[in-house]
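These notes concern the structure reproduced below.
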Amino acid sequence: MPGTKSTESSIATIVGTGWPQTPGGKGSNGNGRKKWFDGRRFPKGKYKVTTWILLAAVVMMFVALGGSYIFLSGNEQWKPIRLPKTFFVSTGLILASSITLEKARRRLQIDLRQYRSWLTATLLLGFAFVASQLIGWRQLVREGVYLSSNPHTSFFYLFSGGHGLHLMGGMMALTYLTFRSRKLLLGVEDERRSAATEAVCIYWHFMDGLWIALFLLLWLWN
């Protein structure tokens, strides 16, 4: 009958576009929370492309600063700086944070609780890195090394401070992922979280590598 076909068509349309299911059944996360399923897949490459564009801008900025640092290092006003010991500690902390974040990424599809735990560990290491950098700054200030003391000190604070600000952006992203991981998300939302995790990993590992490059530059080209 025409009416029956119309009804079946309407039901098929509703199911295909993601009508919320009953609590505890298909389409539920087991806690009685209804989820929408629209049959579409989240474009995972979107987050990665945005991240790489952002990192390209960061690279250009630090390459320009690094070139100026090397060019001006022969200036008669250039004075050596003794790197604070905490900067060596902070280097170890950020290396460890990359390891914990990689562990979090690998646990995402296996154990959401462990994924959250490794994210939290990474976030804590990030805070410890920033804290150790600030302690290093305080040591320099006590020794009379200020931002405007000479060109070398200006670059020193600019490199470490600029990197710290960019790292804090990654820490904000980690905080977001940690809170979002407390919810069991299905379908498109689960793919969104996976894509966001991949993008944050790229960004964080890049910040790790960037700090190693800056640290070697400040230490060896002193």
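The values are calculated or read from the model by the stated rules, or taken from the named source; none is laboratory data. Note that the structure is predicted; figures quoted are calculated from it, not measured. Note that each Cβ is placed from the backbone with ideal geometry, even for glycine, and that neighbours are counted across all protein chains shown. When the accessible area is computed, the model is the full protein with side chains, heavy atoms only, and any ligands, DNA or RNA have been set aside. Shrake-Rupley method; radii C 1.70, N 1.55, O 1.52, S 1.80 Å.
When 115, 69 are checked against the criterion of being touching a Ser or Thr at 6+ places or on another chain (Cβ under 8 Å) and of a type in the set (Phe, Trp, Tyr), a single residue qualifies: 115. Among residues that are modelled with pLDDT of 75 or more, under 32 Å from the mean Cα position of the chain (by Cα) and open to solvent by 40 Å² or more (accessible area, probe 1.4 Å), residue 34 is not included. For residue 97, the criteria (1) among the hydroxyl-bearing types (Ser, Thr, Tyr); (2) touching a Phe, Trp or Tyr at 6+ places or on another chain (Cβ under 8 Å); (3) within 15 Å of residue 214 (Cβ to Cβ) hold in every case but one, which is (3). On the stretch given as the range 136-172, residues that are within 24 Å of residue 205 (Cβ to Cβ) and touching a Ser or Thr at 6+ places or on another chain (Cβ under 6 Å) total 1.
All of 164, 144, 170 fail the test of being surrounded by fewer than 14 Cβ atoms within 10 Å (Cβ to Cβ), free of Cβ contacts under 8 Å to residues at least 60 places away in the same chain and of a type in the set (Gly, Ala, Ser), apart from 144. Scanning the range 94-134 for residues that are farther than 21 Å from residue 159 by Cβ, part of a helix (DSSP H, G or I) and touching a residue at least 40 places away in the same chain (Cβ under 8 Å) yields 101, 102, 104, 105, 112, 115, 116, 119, 120, 122, 123.
Just so you know, in the range 60-106 the residues that are within 19 Å of residue 126 (Cα to Cα) and aromatic (Phe, Trp, Tyr) include one that is least open to solvent (accessible area, probe 1.4 Å), and it is 87. Out of the range 57-81, which residues are more than 30 Å from the chain's Cα centre (by Cα) and closer than 14 Å to residue 156 by Cα? 72, 73, 78, 79, 80, 81 - these are the residues of the range 57-81 that are more than 30 Å from the chain's Cα centre (by Cα) and closer than 14 Å to residue 156 by Cα.
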